[in-house]
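The values are calculated or read from the model by the stated rules, or taken from the named source; none is laboratory data. Because the structure is predicted, anything quoted here is derived from the model rather than measured. Neighbour counts are summed over all protein chains in view; Cβ atoms, including those assigned to glycine, are modelled from backbone coordinates with ideal geometry.
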Amino acid sequence: MSVASLAPANSQRSRATAVKSFEDFLAKKEVTLTEVHRPEQGVTKQAPPCTKKDIKTIISALYMHASANSDYLDAVLVALMWYLYGRGSEAEQLEKAQLCVYRGSMIFLRFKRVKTASQQGISLFKGPNNPFTCPLHVLAVALALQPAPGTRIFPQFAAVPALSASDDQDDDGELGLIAQLDRELAEAPTCKTPQPCRANLAPGAQAYINRLLVTVSGLPAAKESGLTKGLTSHSFRRGGAMHANADSRISPNWVVERGGWNMSRVSKAFSYMLNTTHEDQQIARQLSGWNPQAGARLPDLTALDGVVRARVEKLQDLLFAAVTGFPTVSWNLDPQVLEVLMATLILHFPEMERHRLDSPYVRRIHEALGVLNIQASELLAWSITLRAAFNPPAEEKQETVSQQLDELLLRQTRVEERLAVLGANAESIDKKTNTTEQQHEDVEQSQPKRARKRASKALSAVWFEWFTAVPRMYESITVSKAILHESRRAVAFMMLCLPSGFKLDPASPAYKAEVHAVGVEAEKKTLEYLAAQGSQAVAVGSVVKAMRVLHKAGHLSVLLDQFRERYYEGEGVDPTPNSALPPFLRFT
């Protein structure tokens, strides 16, 4: 007897009848409903809770092996899933306009619950010291590397329907009989109102996070740190709730209200206070590592003097160019939120630099410093100033024993290196160098290469990054040759598909908005052209491959002639230097 055979029509009475029939069936077998279990396991399978140590391990591993901007966005998703109790449906629809700085030194996040369509507010605090478990820091890092504007924080879920995956629907292995019947009732079509099938163009947050956890569990950094085995998307809900409930000062009712599992208990009065409660703030402090009653605060730039702050604001505008300065309000971050994120970036940059010196994030920061002629020592001084203001001496905690040992080992290593340079002869130095190189080769050979592929990009995102990045992609030292080659040809093919040409003036006050508008139009025309040619390519890589095939076959000759005519007639104004264009599009 299967659960599918008990699926009733769309009626609560039929559902109750089916459950009663099954209970009678069990009674004849002298078995109660609570004793039903899986015969192969004996107990219902449950995902292990994701602890805060696991969050640190996952994000640290993602940062250590990051190769693209999407890896830093994955770290934000992991952090927010834990702080939102695994609410994947809400996390995938988060927008930048939902963030604001609220009284009480916290970031306030307001969103609409997918299942209940009710408004809920969540408090977020900056972590005291650790950059890998701080939700504000991982968010700041990802937004600083965001290549193109948009409303969503997670653009990879923009194509997913709003109700495509509810986070209240757990894996089948974790559902009881009643929950499985509820799911089949919701999914079963009725004769009265047939629903057309909607194809998801991208996975939902639950499926996405499950795939991400499988990838992270295979990374060397995660294996060395002892990541909990068997983590799933449901582990974030269980782990966050258990972490909050472990503090005796936190009432279980507050945990329930933050998770939204019993919204009827939230009084109507809190709706007029942006749905945030004093209890929710205490839970948020505890989740971030603070005392639930007091102590949490947000960093800002007020500790810097006027001249220094002006330089910091220039750096802020350069790093967060994709989330500020647009006429569309929903694309911009709140100015106060932006200041908090910038201060958080500066405060934790030395730690991120020590974690991995050649990461895309660190290279991006150094490149921005070079554009503005800011020395790395200045950034370090800013970090020290902001840290002193964020952690006053009277409130600073003593370093742990492990931190002290790490510092002593680092100093000892530096002393040994100096002694080796001063006192050792050339032969001993050569031997030491050869031994060190052999060790590095052995380590590199023993570590498996990362299997995770580079995430695909939309054509409009590449277009925006090509024309607005500072420095430009063709002048940047951090952009790899492969990405530059792909982006250059993608932009060139998009130019060919614009029937009316385009004009871009970098001196225009609305230059970024104009670039984005032209990019969206170019993406639309390019995909329409490929569809007419029988191609279903959408992402940048597949589009470039399809267009190159058409170009080699001579199908783009008409588009090339039309593009040259528009250029000579003044209908195409491209700020890109001729040398940066691909050979087939250059003007001699």
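Tabulated values for the structure
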{"item": "Test: residue in segment 79-90 that is in contact (Cβ under 8 Å) with a residue 60 or more places away in the chain, within 24 Å of T328 (Cβ to Cβ) and not hydroxyl-bearing (S, T, Y)", "result": "yes"}
{"item": "Complete set of residues in segment 223-238 that are within 17 Å of S60 (Cα to Cα) and touching a Pro at 6+ places or on another chain (Cβ under 7 Å)", "result": "T228, L231"}
{"item": "Scan of segment 188-223 for residues that are outside any helix (DSSP H, G or I), among the charged types (D, E, K, R) and at pLDDT 50 or above, ordered by number", "result": "none"}
{"item": "Considering residues of segment 279-290 that are farther than 25 Å from I384 by Cβ and touching a helix residue (DSSP H, G or I) at 6+ places or on another chain (Cβ under 9 Å) only, the residue modelled with the lowest pLDDT", "result": "E279"}
{"item": "Of residues in segment 110-161 being modelled with pLDDT under 85 and surrounded by 23 or more Cβ atoms within 10 Å (Cβ to Cβ), the one farthest from A321 (Cα to Cα)", "result": "Q120"}
